[in-house]
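Below: the structure, in structure tokens.
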Amino acid sequence: MAGIFGRGGNSSKAEMSFIDHLEELRSHIVRSVLAILIVAAVIFIFRNWIFDNIISGPLNPDFITYRALCSLSHKLHLGDSLCMPPVAIQMQSNTFGGQFLSAITLSFVGGIIVAFPYIFWEFWRFVKPALKEKELKNTRSVIFWVSFFFFSGALFGFFLLGPFTFNFLAGFQLGTKHLIDTRPTLSDYFDNLTNLILGCGIAFELPVLAFVLTKIGLITPKLLKTSRKYAIVIILIIAAFITPSPDWYSQTIVFVPLMILYELGIVVSKRAYKDIKDEDEIEEWS
């Protein structure tokens with residue numbers, strides 16, 4: 001962030017005082033919060049429809065993931081091997097304000113997710129003046145790609161990882177003599193779903209992170225290649241953290257795409273590193 005306070009492509013921004021920068025940052029934060037509040041208000045108004053048709057989707061027997069996997073299983077002549085039984089649980093709220101607070105949580109978390117592109121755009125507007133012209137040239141479409149990978153991860157967590165996770169946890173039984181009914185609270189369900197969606201959304205930013213770190217000189221494609229064995233261990237830990245269920249196939253569902261994204265990060269890093277080398281050669285000849 002040193003560039004924000006002393007250098008950058010925009011001289012007027014670069015000459016701003018520390019207090020001016022704080023005021024600028026505050027205005028970006030205020031606009032981001034207002035965007036979240038507006039979206040949260042809309043979600044709260046339509047909370048019942050959103051809860052019935054979206055939030056509780058992984059708990060519905062006719063959820064699109066269950067139907068798609070079962071149809072795929074039949075097309076591949078695997079019988080019902082990919083067909084998961086519907087999640088048969090009855091959620092509960094054990095406090096008077098439990099459902100109201102859950103509706104508030106639903107609204108604000110939904111507001112953050114939906115408004116994410118705008119929030120990042122505000123952050124980018126604050127950082128952008130500190131970048132040089134050469135750096136700006138290499139960051140075109142950054143808002144699109146950051147949003148694309150975030151929403152891809154969020155959709156992955158909701159449509160694929162969520163059904164596997166809740167299906168496993170709802171059907172898991174401890175002991176054989178005394179059967180225990182699984183009756184999760186509404187807040188517990190929201191916490192698990194939020195961790196899956198936001199966790200996957202952030203984890204899917206690996207290629208963007210690889211691009212940025214390569215551009216600022218912290219990593220190289222060679223480093224990513226030689227660190228692959230360590231990355232596997234770290235990604236396994238991340239997969240275990242993201243998935244609330246301890247079953248191996250839920251963690252595998254997270255591990256495989258993250259590993260693919262890591263390999264994609266190597267490809268992106270190669271391209272970014274090549275661009276840096278080409279620019280250095282041009283500067284030497286000029």
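List of remarks:
- Residue within region 84-93 that is under 21 Å from GLY201 (Cβ atoms) and small (Gly, Ala, Ser) present: no
The rows are residues; the columns are (1) touching a strand residue (DSSP E or B) at 6+ places or on another chain (Cβ under 8 Å); (2) buried (at least 17 other Cβ atoms within 10 Å of the Cβ); (3) within 22 Å of GLY157 (Cα to Cα).
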{"position": "LYS177", "(1), (2), (3)": "no, no, no"}
{"position": "ARG183", "(1), (2), (3)": "yes, no, no"}
{"position": "ASP191", "(1), (2), (3)": "no, no, yes"}
{"position": "LYS215", "(1), (2), (3)": "no, yes, no"}
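- SER102 vs. criteria over 18 Å from ALA170 (Cβ atoms), surrounded by 16 or more Cβ atoms within 10 Å (Cβ to Cβ), in contact with a Leu (Cβ under 7 Å, 6 or more places away or on another chain) and without any contact (Cβ under 8 Å) to a residue 12 or more places away in the chain: no
- Checked against the criterion of being farther than 24 Å from ASN192 by Cα, assigned to a helix (DSSP H, G or I) and at pLDDT 85 or above, region 238-258 has no qualifying residue.
- LEU25 vs. criteria under 19 Å from TYR118 (Cβ atoms), at pLDDT below 90 and surrounded by fewer than 16 Cβ atoms within 10 Å (Cβ to Cβ): yes
- Scanning region 184-199 turns up at least one residue that is free of Cβ contacts under 8 Å to residues at least 24 places away in the same chain and more than 12 Å from the chain's Cα centre (by Cα).
Residues are listed down the side, and each one gets a yes or a no for (1) in contact (Cβ under 8 Å) with a residue 60 or more places away in the chain; (2) farther than 22 Å from ASN192 by Cβ; (3) in contact with a helix residue (DSSP H, G or I) (Cβ under 6 Å, 6 or more places away or on another chain):
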position	(1), (2), (3)
GLU23	no, yes, no
ALA35	yes, yes, yes
VAL42	no, yes, no
ILE55	yes, no, no
LEU59	yes, no, no
THR65	yes, no, yes
CYS70	no, yes, no
HIS74	no, yes, no
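- When GLY79, GLY97 are checked against the criterion of being on the phi > 0 side of the Ramachandran plot and either exposed (fewer than 12 other Cβ atoms within 10 Å of the Cβ) or of a type in the set (A, V, I, L, M, F, W, C) (or both), a single residue qualifies: GLY79.
- Of note, GLY201 does not satisfy the criterion of being modelled with pLDDT of 90 or more, in a helix (DSSP H, G or I), of a type outside the set (Ser, Thr, Tyr) and in contact with an Asp or Glu (Cβ under 9 Å, 6 or more places away or on another chain).
- Yes/no for ILE202 being under 30 Å from ALA272 (Cα atoms) and either in contact (Cβ under 8 Å) with a residue 24 or more places away in the chain or in contact with a Ser or Thr (Cβ under 8 Å, 6 or more places away or on another chain) (or both): yes
- Region 32-57, residues that are within 22 Å of the chain's Cα centre (by Cα) and over 15 Å from VAL114 (Cβ atoms): PHE51, ASN53, SER56, GLY57
- In region 157-174, the residues that are closer than 14 Å to PRO61 by Cα form Cβ pairs under 7 Å with partners that are buried (at least 24 other Cβ atoms within 10 Å of the Cβ) and modelled with pLDDT of 85 or more, at six or more places apart or across chains, as follows: GLY162/PRO58; GLY162/LEU196; PRO163/PRO58; PHE166/PRO58.
- PHE96 in a helix (DSSP H, G or I) and not polar (S, T, N, Q): no
- Inclusion of SER107 among residues that are buried (at least 18 other Cβ atoms within 10 Å of the Cβ), of a type in the set (Gly, Ala, Ser) and either modelled with pLDDT under 85 or outside any loop (DSSP other than H, G, I, E, B) (or both) is warranted.
- Taking the criterion of being modelled with pLDDT of 85 or more, of a type in the set (A, V, I, L, M) and in contact with a Leu (Cβ under 8 Å, 6 or more places away or on another chain), the residues of region 204-234 that qualify are LEU206, ALA210, ALA231.
- Single condition SER73 does not satisfy, out of (1) outside any helix (DSSP H, G or I); (2) modelled with pLDDT under 85: (1)
The values are calculated or read from the model by the stated rules, or taken from the named source; none is laboratory data. As the structure is a prediction and not an experimental result, all values here were calculated from the model. We place every Cβ from the backbone using ideal geometry, glycine too, and count neighbours over all the protein chains shown.
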